[in-house]
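S.K.: Could you have a look at this structure, given as structure tokens, before my questions?
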Amino acid sequence: MEVRRTVPVSLDVDSDDAVLLEDTVDTFLWSAQYVVDHAFKGEYVTTSKTTLDDETYDDVREKTDNFNGGLVQAARNKAAEACKSVVARWKNGKKASKPTFTSPHVVYDHRTATFHDEYVSLATTDGRIEADYVLPDEDSDTPHSEYLFSDEYETTGAELHYRNGRWVIHIHCKKEVESDTSEKATPENGTVLGVDLGVNNLAVTSTGTFWTGNEFDHWRREYQKRRGSLQQCGTRWAHENVQSVGRQEEGRFKLMVHRISNELVAEARENECTVIAFEDLTDIRERTGASWGHKWAFKRLYEYVEYKAEEYGITVKQVDPENTSRRCSHCGFTHPDNRDGEGFECLKCEYQNHADYNAAKNIGLRYLRRNQTGGDGGAPLGVRLNSGTLNVNGGYSPAEESARTGVHAESHDFSRG
């Protein structure tokens, strides 16, 4: 089994090389957009990489003054994946429009990037440039030492990003691990850990663990105040410091989301869950009233959990969130008035609980209903609670004596069984 990690590394780029990289970014984005525009020309959207390569490669090379062939193919792949995503949303009855590429980035592989111990060599629109890594102290325990410079991992490619005046390369690493080691083995028929995301509580699991949004909201307000004060100055110094505050904010929130993702995966492992089920993140901002910052945190949390859970053979999926906050996880009755703020009380069976915890159980149950095979098909048998499990019909089974009895320090088990 492959375990993959992505390590962001800041680059020290001089002014001349920065001009080349900016031109490379512009050309890469133009190439990807050209392929997308071509894919949408016909009666049906073309998603085949081979077809798109046959129909666009020579044109793109000619129109970009022979842009690096490897980067042209990377742009084509980016475009094809974006087109596939649109078609998939259409098939699921969801709205989607033709993709546009505006975020400054370039996708590299081993043909177009060479990774060294202290620097990286990158293909551009005019030959190659070399950029030194900007790394933390050697003694610090960071992803750089754990993955990038580890003999266990090999680099497979990268994405170069330009953000807040900085060049940052996200280097992809992978290693092979034994899928049947005793430390990481999971039961053939395990359980599902449901996860609800929200504003007041960033994440709530079906086992009753709550990660509140208090710390996130505090620092979001604090950084907003800092930026507001600096923007009122209007000086160049203030502008530069606004960018610095933005980098500090992103760094703090990344660490916070990493911590939550680690604890969430640990929760799944302790409960022998084979699946972690999230609500579909599409339109989550509109559903929850979340800020753009919250939406960023939700997306990051899902991505971090997805790649960290993979190492332990745990699958991470998304399910349709419709009515998960209004449906009673006890009897299945669905009504808008079941929920009142953070409180949930079923109008039919009078089941009471925290609304987010009830939603987390419903998310797990929805995954079960979508994937249950019954018998020995390898599908999870229930949604994991702290005190037992719920089966596909909502039936409750108490935990065995050997099951764990404690939960995370911030958690509250609201289960009534």
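The values are calculated or read from the model by the stated rules, or taken from the named source; none is laboratory data. These numbers were taken from a predicted model, which means no experiment stands behind them. Cβ atoms come from the backbone with ideal geometry, glycine included; neighbour counts cover every protein chain shown.
S.K.: For residues that are surrounded by fewer than 17 Cβ atoms within 10 Å (Cβ to Cβ) and under 31 Å from the mean Cα position of the chain (by Cα), tally how many sit in the range 336-360.
M.R.: 5
S.K.: Name the one entry in Ala82, Ala74, Ala88 that is in contact with a strand residue (DSSP E or B) (Cβ under 9 Å, 6 or more places away or on another chain) and assigned by TED's automatic domain parsing to the domain that holds Asn164. Walk me through it before giving the result.
M.R.: Details: Ala82 fails: in contact with a strand residue (DSSP E or B) (Cβ under 9 Å, 6 or more places away or on another chain); Ala88 fails: in contact with a strand residue (DSSP E or B) (Cβ under 9 Å, 6 or more places away or on another chain).
Being in contact with a strand residue (DSSP E or B) (Cβ under 9 Å, 6 or more places away or on another chain) and assigned by TED's automatic domain parsing to the domain that holds Asn164 holds for just one of Ala82, Ala74, Ala88, which is Ala74.
S.K.: Please determine whether any residue of the range 94-111 is part of a helix (DSSP H, G or I), modelled with pLDDT under 95 and aliphatic (A, V, I, L, M).
M.R.: No, because not a single residue in the range 94-111 is part of a helix (DSSP H, G or I), modelled with pLDDT under 95 and aliphatic (A, V, I, L, M).
S.K.: Shifting gears a bit: Within the range 72-122, take every residue that is among the polar types (S, T, N, Q) and touching a Ser or Thr at 6+ places or on another chain (Cβ under 8 Å) and give me the one that is surrounded by the most Cβ atoms within 10 Å (Cβ to Cβ). Spell out the reasoning first.
M.R.: The initial filter retains those residues of the range 72-122 that are among the polar types (S, T, N, Q), namely 73, 77, 85, 92, 97, 100, 102-103, 112, 114, 121.
From the residues that got through so far, the ones that are touching a Ser or Thr at 6+ places or on another chain (Cβ under 8 Å) too are 114, 121.
On the way: Thr114: 15, Ser121: 13.
Once the filter is applied, the top-ranked residue is Thr114.
S.K.: Somewhere in the range 172-187, is a residue surrounded by 15 or more Cβ atoms within 10 Å (Cβ to Cβ), closer than 22 Å to Leu390 by Cα, modelled with pLDDT under 60 and in contact with a Gly (Cβ under 7 Å, 6 or more places away or on another chain)?
M.R.: Within the range 172-187 (the criterion being surrounded by 15 or more Cβ atoms within 10 Å (Cβ to Cβ), closer than 22 Å to Leu390 by Cα, modelled with pLDDT under 60 and in contact with a Gly (Cβ under 7 Å, 6 or more places away or on another chain)), the answer is yes, since at least one residue qualifies.
S.K.: Right, something else. Being assigned by TED's automatic domain parsing to the domain that holds Tyr367, at pLDDT 80 or above and buried (at least 17 other Cβ atoms within 10 Å of the Cβ) is true for just one of Glu303, Glu279. Which residue is that?
M.R.: On the way: Glu303 fails: buried (at least 17 other Cβ atoms within 10 Å of the Cβ).
Going through Glu303, Glu279 in turn, the sole match is Glu279.
S.K.: Please specify each residue of the range 317-375 satisfying the condition of being hydroxyl-bearing (Ser, Thr, Tyr), more than 25 Å from Leu281 (Cβ to Cβ) and either free of Cβ contacts under 8 Å to residues at least 60 places away in the same chain or not assigned by TED's automatic domain parsing to the domain that holds Thr207 (or both). Steps first, answer last, please.
M.R.: Initially, the range 317-375 is screened for residues hydroxyl-bearing (Ser, Thr, Tyr), giving 324-325, 329, 334, 351, 357, 367, 373.
Right, trim to more than 25 Å from Leu281 (Cβ to Cβ) and you get 351, 373.
Once the filter is applied, which keeps residues that are hydroxyl-bearing (Ser, Thr, Tyr), more than 25 Å from Leu281 (Cβ to Cβ) and either free of Cβ contacts under 8 Å to residues at least 60 places away in the same chain or not assigned by TED's automatic domain parsing to the domain that holds Thr207 (or both), the range 317-375 yields only Thr373.
S.K.: Okay, moving on. Which of the numbered conditions does Ala75 fail, given that it passes all the others? Conditions: (1) more than 23 Å from Lys174 (Cβ to Cβ); (2) part of a helix (DSSP H, G or I).
M.R.: Every listed condition holds for Ala75 apart from (1).
S.K.: Test each condition in (1) assigned to a strand (DSSP E or B); (2) under 25 Å from the mean Cα position of the chain (by Cα); (3) of a type outside the set (Asp, Glu) for Ala88 and report the one that comes out false.
M.R.: In the conditions (1) assigned to a strand (DSSP E or B); (2) under 25 Å from the mean Cα position of the chain (by Cα); (3) of a type outside the set (Asp, Glu), Ala88 misses (1) alone.
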